[in-house]
1. For T251, list long-range residues whose amide hydrogen, built 1.01 Å from N in the peptide plane, is under 5 Å from its own amide hydrogen.
2. What size of dipole, in debye to the nearest 20, comes out for the chain about its Cα centre when the only charges are +1 on Lys and Arg C-beta atoms and -1 on Asp and Glu C-beta atoms?
3. Show me the ranking of peptides 176-183, 225-232 by mean Cβ neighbours inside 10 Å, starting with the highest.
4. Order the peptides 210-222, 293-305 from the highest to the lowest mean number of other Cβ atoms within 10 Å of their residues.
5. Which residue fluctuates most in the GNM of the chain (Cα springs below 10 Å): R73, R382, R209?
6. Answer with one residue from Q263, Q402, I273: the one whose Cα lies farthest towards the positive end of the charge dipole of the chain, charges on Cβ with Lys, Arg +1 and Asp, Glu -1.
7. Quote the charge dipole size of the stretch 242-310 about the Cα centre in Debye, to the nearest 20; the model charges only the Cβ of Lys and Arg (+1) and of Asp and Glu (-1).
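What follows draws every value from the coordinates through simple rules; no lab data is involved. Since we're looking at a predicted model, the values are computed, not measured. Neighbour counts run over all protein chains shown; Cβ positions are idealised from the backbone, glycine included.
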Amino acid sequence: MNDIRHVEDLLRELAPQVVGVLTRRFGDFATAEDAVQEALLAAATQWPREGLPDNPRGWLIQVGYRRMIELVRSEQARRAREDLAARREPDDLRSAPAADLDVAADRDDTLVLLFLCCHPALSPASAISLTLRAVGGLTTAEIARAFMVPEATMAQRISRAKQRIKTSGIPFRMPEANDRSGRLDAVLHVLYLIFNEGHTSSGGPALRRVELSGEAIRLARAAHALLPGDSEVAGLLALMILTEARSPARTGPDGELISLAEQDRSRWDAAAIAEGVDLITRTLPVGPVGPYQIQAAIAALHDEAPTAEETDWPQILALYGVLEQHSASPVVSLNRAVATAMVHGPAAGLDALAALDSDPRMSGNHRLFAARAHLYEMLGDRPGAVENYRAAAGRTTSLPEQHYLRLRAARLAVVDPAEPVPGRR
């Protein structure tokens, strides 16, 4: 099982690099992405059975290259594409030249691919969805959950985005400086979503997918090196570093989830916290304040608190108010409601959460039920907490979250019969 997991992680890491190699050589992102998907399927079938090749990346390039040739030749049969296919067809149709493999081994086009997928020819939602698939390695189902839409809707959106890039003739190269700004918001949003899926997986047996969060941080560092003066790029990088710094304490010996308030803070990565705090401290006074900087400032307040009880919740609540003005979303409103409870009491927090019941994006989301359960627990309403913890557990596909939520419910369900039950709000 571990070997299969290792292969899956390796393929997810290599996929965008191989797509970049084939796109650069053929100039056709959509077909390259299709070819690489077939190469990944072949690898997922053969590698666990036959063992890893000496050069996994080169293996994927060779297989993807051969499939790409088949697709290009197929295109030649279409009269409307004859000229395009002829220009793209390399001299040697039998295998990838050694020189190409040498270049591929030294070049990582992932950041170029990231900007390509976030081209202004696509709507922001389409660009982000496509990039999560091609660069982030997320499945269509995972992307659909991130956008809170049906999987079929997301599949159509990704397919249309690929076709739009294919027909637009967008060149595969890093955009000029004056063209980057039009793509940067989508690029940052993609990295944010990839990191979030890595930090807390939306489904499966593991709480984290470290290959995703690590890749998101790597690409954010690359974007920061490319655009060192952009305050939101720096803010996003700081947010990732500060959030990831708490990861060593988020799980117990058996992989069980440990809440922020119960974590052993001595296990947090002090060097990462120092780096993130320094980055956001230098960034905030420089440029216009955006949502990633605000979230990084909130993460810094959590990370710098010596204990959970010493957390500066009034400042966090104020920052969530600013964040809600910058980029209102149901998730931001939920977090603000929890902060409200920590400052003004659980009853005030529950009142704030009630406004989300009518939001179709959040009304059936497990996070809303989990937050409400936590506030009922703070209020002393055990039946209300148990009901909502169980409802939350039934609405998440993450096994560690399910286990945590059901365990909280089970502990609270053991009530002294003589103990009065508070009135339900």
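1. Answer set, sorted by chain and number: I258.
2. Roughly 1220 debye, rounded to the nearest 20.
3. Sorting 176-183, 225-232 by mean packing, highest first, produces 225-232, 176-183.
4. Ranked by mean Cβ neighbours within 10 Å, highest first: 293-305, 210-222.
5. Result for the chain, Cα springs under 10 Å: R73 fluctuates most.
6. Most positive-ward Cα: Q402.
7. Computed charge dipole of the stretch 242-310: roughly 260 debye.
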